[in-house]
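Notes follow the structure.
Only the coordinates and a few stated rules stand behind these numbers; no lab work does. If you're wondering where the values come from, they're calculated on a predicted model, not measured in any experiment. Here the Cβ positions follow ideal geometry from the backbone for every residue, glycine too, while neighbour counts run over all protein chains shown.
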Amino acid sequence: MQHCVAPGYSFKTPVPEEIFIGDESVALSPDPDGSGYRYFSAAVGWVTVNDEELRRYRANVLQLLLLIQQLLEMSSRVGPACLCSDLVWDLGDKWFGKKRLAVLFLRRAHLASSIAELKATLLDFPRRRSAIVLCDTSPNRYGPLLPGEPLCIPMESLLKPNPQAVAKFDMGYITEILGHKQLNVEEKSPVWCSDDGSELHVHGERYAFTGLTHRLVIRQLYEAWLEGNSGLRTATVLENAESKSKSLSHVFRGYRQD
């Protein structure tokens, strides 16, 4: 997080403003003799803080999330919503080109356990098919497949080369990489389905579906595959697709048998 600074600030060593003594946050001020920092204690007066203690200070996550919203030029009227304790937050919606996406933030993305928690969170997240995930570090490559296949972007990649100060993230990079993902998504996964269920790719074979019921059924089956669900009740699938048919074979009669 050393590169994520307030808009207009240059990349210099950050000046600490507070330190945690136990569970209590106390304000720091520069020591008059220039040797470091100190805080005031009602019990003993001014207390000098050594450099080693300053290297172990706690991040203000809410302040960081509000800063990310500002760098993305997002409205902060609705604050970040925590989806998974101390790991995943929903920052709200943002337009990138012609796409409106939910923006999530993931901490400790380098850990496989964090990716596993993100997967569990996305299973209950209704907008997972139209979301991007900003990460504090490069995401772990060995985590599970994520439902909805959201684009995971380390925040450092959103900074333009050699910036002296940061006022906003590089929106063009996000739009470009989203378009690249759209064109090459079938190369990243053996099975891929469009958001509306009209196009399905299975190991390089393309299938097209035009009927609304067909698309709704296909989308349900694809999401089940993403979530590792090996079976769905036919009656539930048909009900969710608002179909009056009694079987899937009846729904897809006339289509290629494969």
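Which residue pairs have Cβ atoms under 7 Å apart, sit 6 or more places apart or on different chains, and have a first residue in segment 105-128 that is over 21 Å from L66 (Cβ atoms) and touching a residue at least 12 places away in the same chain (Cβ under 8 Å) and a second that is among the hydroxyl-bearing types (S, T, Y) and buried (at least 16 other Cβ atoms within 10 Å of the Cβ)?
H110/T137
Please give the helices (runs of 4 or more DSSP H) falling wholly within segment 25-126 in which 3 or more residues are surrounded by 14 or more Cβ atoms within 10 Å (Cβ to Cβ) and touching a strand residue (DSSP E or B) at 6+ places or on another chain (Cβ under 9 Å).
Helices (runs of 4 or more DSSP H) meeting the threshold: 61-71, 112-123.
Kindly evaluate E242 against the criterion of being surrounded by 13 or more Cβ atoms within 10 Å (Cβ to Cβ) and charged (D, E, K, R).
Criteria not met by E242.
In segment 127-166, which residues are among the acidic types (D, E) and surrounded by fewer than 14 Cβ atoms within 10 Å (Cβ to Cβ)?
none
Considering K119, K98, K94, which residue is within 28 Å of W225 (Cβ to Cβ) and over 12 Å from the mean Cα position of the chain (by Cα)?
After applying the criteria, what remains is K98.
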